[in-house]
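A quick write-up on the structure given underneath.
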Amino acid sequence: MSKPVPVSVIKRLPRYYRFLGSLRSKGVVRISSRELAERMGFTASQIRQDLNCFGGFGQQGYGYNVEQLYGEIGDILGLNEKKKAILIGAGNLGRAIVSHMPFEQLGFSLVGIFDSKETIAGQIIRGVPVRQISVLDEFCSENRPEAAILCIPQEAAPAIVDQLVNYGIKGFWNFSHYDINHKYPDIPVVSVHLNDSLMTFSYKLTENENKIN
């Protein structure tokens, strides 16, 4: 049985992918781990160790083929699979996510949007109609989505999560602040806490000001 890949390595993969995509768009054909490290602010050994978790892709004396490594990391991240996703909660946050996230480029196909408010149901956001939450069961039975994006209040999340798990949802991108893994420890969940991010930013600004003073 192979060792699980450290979470810290997985979190760095999107950055590698994004950076290699930029190099690719500029026509860069190959790059050494040292050059990649200098540009990204990592060490060459860290890059080699990270990529060796997936078999390693460089050639000694040549470095990395940018196009090939970009494709390999995309495959590792599952970006070519187009997993069916639904979004629950078409308020301001949900609308912003639907409007601005390039789902098709990031491994997902957004097939449905749902909201409990009748005034929102029937609206079209980026070509996808907003449906009443009451038809969620029927929709999931017919379309079999794999992933759900939760943009709902924390207090509404437990019941919706239970429903979605029963409907066959296999993972969550969670903006609700509800701890899904407490009840469903084996389901993949990525929770996004925008407040935490802003507080971290506040800390860094405060720390920097203290250093200056």
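The values are calculated or read from the model by the stated rules, or taken from the named source; none is laboratory data. All figures in this text were calculated on a predicted structure; none of them were measured in a lab. Ideal geometry is used to build each Cβ from the backbone, glycine not excepted, and the neighbour counts take in all protein chains shown.
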Could you say whether any residue in segment 115-127 is surrounded by fewer than 18 Cβ atoms within 10 Å (Cβ to Cβ), assigned to a loop (DSSP other than H, G, I, E, B), hydroxyl-bearing (S, T, Y) and free of Cβ contacts under 8 Å to residues at least 12 places away in the same chain? yes
I need a count of the residues in segment 10-38 that are farther than 17 Å from R48 by Cβ and touching a strand residue (DSSP E or B) at 6+ places or on another chain (Cβ under 9 Å). 2
Residue check for L194: of a type in the set (A, V, I, L, M, F, W, C), under 28 Å from P14 (Cα atoms) and at pLDDT below 95: yes
Check S197, S134, S109 and return the single one that is over 18 Å from the mean Cα position of the chain (by Cα) and polar (S, T, N, Q). S134
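Results for (1) aromatic (F, W, Y); (2) modelled with pLDDT under 90, shown as yes or no for each residue.
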position	(1), (2)
V28	no, no
I31	no, no
F54	yes, yes
G61	no, yes
G78	no, no
E81	no, yes
If you check L79 against the conditions, is it under 18 Å from Y167 (Cα atoms) and not charged (D, E, K, R)? no
Sole miss for L20 among (1) in contact with a Phe, Trp or Tyr (Cβ under 7 Å, 6 or more places away or on another chain); (2) outside any helix (DSSP H, G or I) is condition (2)
Anything in segment 22-43 that is touching a helix residue (DSSP H, G or I) at 6+ places or on another chain (Cβ under 8 Å) and over 12 Å from N65 (Cα atoms)? List them, or say none. R34, A37, R39, M40, F42, T43
Positions within segment 170-192 being under 16 Å from the mean Cα position of the chain (by Cα) and more than 16 Å from G89 (Cα to Cα), in sequence order: K170, G171, I187, P188, V189, V190
